[in-house]
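A short worksheet on the structure shown next.
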Amino acid sequence: MGSEEAVEVEKTYIDIHTHILPEIDDGPEKMQDAVGMLIQARENQTGVIVATSHYCPDRWAWDRNRYLEQFQMVQENAEKMNILLYSGNEIYYTSRILDALERGECMSLNGGRYVLTEFDHDIWGRAMEQALMSLRYEGYFPVVAHAERCGCLTESISLVESLVRQGVYIQVNCDSVIRAHKRRLHRSPVKTWLKEELVHVIATDMHDTEARPSRMKQCGEILKKYYGPVYSQKLLEKNPEAMINDCYISDI
Ligand SMILES: [Fe+2]
């Protein structure tokens, strides 16, 4: 036996979907609220966060310079807590987003090819597929934000399977995982997708510390218990790490 001993490495979850910048969208109102969210993220074993403010100009006025100012201020606070903060957007899909991405008006995850894409919850499956393929054709890797909210996906696992085969990534919110297990729901698309390993990444979609907080730690425990440590680690650490580093998921 050598002198080397197993070292307990601190777990660091990576949260690729948050609304943590103040005064940009429906996230925190003040900087001190954002700092509270950073503290809560740390308590939830999260060491890396992507600030994915909504890009939906029809709903919220978008000012990229304002985003960057707020980003810098939150980043300074994050650094003090040993949290890495990266830039990005949760981009509401319209036919105009490809042009907006090209012009740098809205942002992919940390400037790479992965694009966190939000859809109208009532969108038809065919329309969603066409939208996602338009992103793929341009070389992006679309990540469907809180896919469990889209009826066309929860009603058709074959559509989810087909999209995944075509290079689409599926993000589910922590709270949806927790809710599905708390209620012991028999028919739960989230549970089915997780069993079939159709989900690539779990994130908080945190907006504050009360109504829509980070529950990453609790979610991590559930994932480990029901789906095993290997898949759990992929969902909370390895796959999101690949996304922010612009690497292929299969490379990890
Ligand atoms: Fe969101």
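The values are calculated or read from the model by the stated rules, or taken from the named source; none is laboratory data. Just so we're clear, the structure is a prediction, and the values are computed from it rather than from any experiment. Cβ placement follows ideal geometry from the backbone for every residue including glycine, while neighbour counts extend to all protein chains displayed.
Quick notes
- Taken together, the residues in region 184-240 that are more than 16 Å from the ligand (Cβ to nearest atom) and aliphatic (A, V, I, L, M) amount to 10.
- Single unsatisfied condition, residue 86 versus (1) without any contact (Cβ under 8 Å) to a residue 40 or more places away in the chain; (2) under 24 Å from residue 147 (Cα atoms): (1)
- Every residue from region 177-196 that is of a type in the set (S, T, N, Q) and either modelled with pLDDT under 95 or part of a loop (DSSP other than H, G, I, E, B) (or both): 188
- Scan of region 192-210 for residues that are surrounded by fewer than 18 Cβ atoms within 10 Å (Cβ to Cβ) and more than 15 Å from residue 44 (Cβ to Cβ), ordered by number: 192, 195, 196, 197
- Residue list for region 24-57, restricted to those being loosely packed, with under 15 Cβ neighbours inside 10 Å, among the acidic types (Asp, Glu) and in a loop (DSSP other than H, G, I, E, B): 26, 29
- Filter pass, residue 140 being of a type in the set (Phe, Trp, Tyr) and touching a residue at least 40 places away in the same chain (Cβ under 8 Å): no
- Candidates 98, 85 - the one that is touching a strand residue (DSSP E or B) at 6+ places or on another chain (Cβ under 7 Å) and of a type in the set (A, V, I, L, M, F, W, C): 85
- Restricting attention to region 219-252, the residues being of a type in the set (S, T, N, Q) and either closer than 20 Å to residue 176 by Cα or touching a Leu at 6+ places or on another chain (Cβ under 8 Å) (or both) number 3.
- Of all residue pairs spaced 6 or more apart or on separate chains, none has beta-carbon atoms under 6 Å together with a first member in region 157-173 that is outside any loop (DSSP other than H, G, I, E, B) and surrounded by 14 or more Cβ atoms within 10 Å (Cβ to Cβ) and a second member that is at pLDDT 95 or above and of a type in the set (Phe, Trp, Tyr).
- Residue count, region 211-232 (criterion: in a helix (DSSP H, G or I), of a type outside the set (A, V, I, L, M) and either touching a residue at least 24 places away in the same chain (Cβ under 8 Å) or crowded, with 18+ Cβ neighbours inside 10 Å (or both)): 8
- Residue within region 59-74 that is among the hydroxyl-bearing types (Ser, Thr, Tyr), outside any strand (DSSP E or B) and within 16 Å of the ligand (Cβ to nearest atom) present: yes
- Per-region count, region 106-154, residues within 16 Å of the ligand (Cβ to nearest atom) and either among the acidic types (Asp, Glu) or outside any loop (DSSP other than H, G, I, E, B) (or both): 13
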